[in-house]
Every structure is written in structure tokens, then in C-alpha cells.
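The values are calculated or read from the model by the stated rules, or taken from the named source; none is laboratory data. All of these numbers come straight from a predicted model, not from anything done at the bench. Virtual Cβ from ideal backbone geometry, glycine too; neighbours counted across all protein chains shown. Note: accessible area is taken over every heavy atom of the protein model, side chains too, but ligands, DNA and RNA are not part of it. Shrake-Rupley method; radii C 1.70, N 1.55, O 1.52, S 1.80 Å.
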Amino acid sequence: LEVDERHWEARYSKAVSYTFWPDFLGKKKEAIAHLQTLIDQQEVARPEQKHIETYLTLGNVLAQQGKDEEAKKVWERGLARFPDDARLKQKLGL
């Protein structure tokens, strides 16, 4: 990310790795920030299948923190961009 702050794989990998850290270390906040940055970058670019993972992961992290409404909004945003994705539909109970 120091070389290319828009490198999707690097930022996504970093975000996902933070989701595995123990909660007391506070890395979930950093994971959420990285995932939100990815979504912001993705939504001004051409959609790619891998981008679905960002919506799923961010929604999952938010849901694990009890932020169900925020998670739902993220999944809905993803479904608006990828209307055929079965995993996003499942998260939304569709």
C-alpha cells in the first residue's frame, strides 16, 4: 500500500488479516476503515467480481459487532452493484 494505495489485493488482505486479531487490540476498527476505503474506490471503478468480497466481509464484521443495520446497508449496497450474487441475497434473506 505504500507503493500503490489503490492496490485492491494488498488492502483487502490487510483488512481481512485484521479481522482475525483479538478484539482487545482494536484492529477491527482498522479492518472496517480499510474495507470502507475499498468500497469507496470500487464504486468509482468498473465492477469486478472480486469486489463482492469487500461487501460481504465488511457486512460480516459489522454484524459480528452487533451493528446489524449497518451490515444490512453494506450488503444492500453490494447487491445494488452485483444484483445476481447469491451470497449477498442470502445475507439479506432474499
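Applying 0.36 nm per residue to the separation of Ala10 and Leu25 and subtracting their alpha-carbon distance, the gain on full extension is 3.3 nm. In segment 9-49, Cα pairs under 8 Å separated by at least six residues give a relative contact order of 39 percent.
Which order do the peptides 36-46, 52-62 take when ranked by the mean count of other beta-carbon atoms within 10 Å per residue, highest first?
Working: 36-46: 13.2, 52-62: 21.3.
Taking the mean over residues of other Cβ atoms within 10 Å, the ranking is 52-62, 36-46.
Straight-line reach from Lys73: taking Cα to Cα under 16 Å and skipping same-chain neighbours fewer than 8 places apart, the lysines in range are Lys89, Lys91. Farthest towards the positive end of the charge dipole of the chain, among the residues Ala10, Leu58, Ala31, is the Cα of Leu58, using unit charges on the Cβ of Lys, Arg, Asp and Glu.
For the chain, rounded, prolate or oblate, judged on the Cα gyration tensor with a ≥ b ≥ c (square roots of eigenvalues), a/c < 1.5 rounded, else prolate if a/b > b/c? It is oblate, given that a/c is not under 1.5 and a/b is not larger than b/c.
Sequence gap at least 6, Cα distance under 8 Å: using those rules, report the relative contact order of the chain to the nearest whole percent.
On the way: 82 pairs, mean separation 17.6, N = 94.
19 percent.
In the context of the full set of protein chains, segment 1-88 has a per residue accessible area of 61 Å² (1.4 Å probe).
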